[in-house]
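Here is the structure we will look at, set down as structure tokens.
The values are calculated or read from the model by the stated rules, or taken from the named source; none is laboratory data. Model, not experiment: these values are computed from the prediction. Counting neighbours? That spans all protein chains shown, and the Cβs are built from the backbone with ideal geometry, glycine included.
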Amino acid sequence: MTPTAVVMMIIATLTIWGGLVGAIVNLVRHPEVAEDEPSPPVEL
């Protein structure tokens with residue numbers, strides 16, 4: 001592989017994994033609130 005291809009592969013890999021890590025950090029800091037969801041119907 002050429003040096004240009006290696007650099008582009010590293011940039012793409014860091015972008016994908018960086019986005020994943022950023023999404024996980026965002027969910028840990030601001031978890032989704034379950035109170036917004038309606039309660040399930042009660043079976044009688």
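So here's what we get for this one:
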read-out	value
The range 1-24 residues that are without any contact (Cβ under 8 Å) to a residue 60 or more places away in the chain, paired with ones that are surrounded by 10 or more Cβ atoms within 10 Å (Cβ to Cβ) and assigned to a helix (DSSP H, G or I) (beta carbon under 8 Å, 6 or more apart)	MET1/MET9
All positions within the chain that are part of a loop (DSSP other than H, G, I, E, B) and of a type outside the set (Ser, Thr, Tyr)	MET1, HIS30, PRO31, GLU32, VAL33, GLU37, PRO38, PRO40, PRO41, VAL42, GLU43, LEU44
Residues that are hydrophobic (A, V, I, L, M, F, W, C) and surrounded by fewer than 10 Cβ atoms within 10 Å (Cβ to Cβ), drawn from the range 1-10	MET1, ALA5
Any hit, the range 11-30, residues being more than 12 Å from the chain's Cα centre (by Cα) and modelled with pLDDT under 95	yes
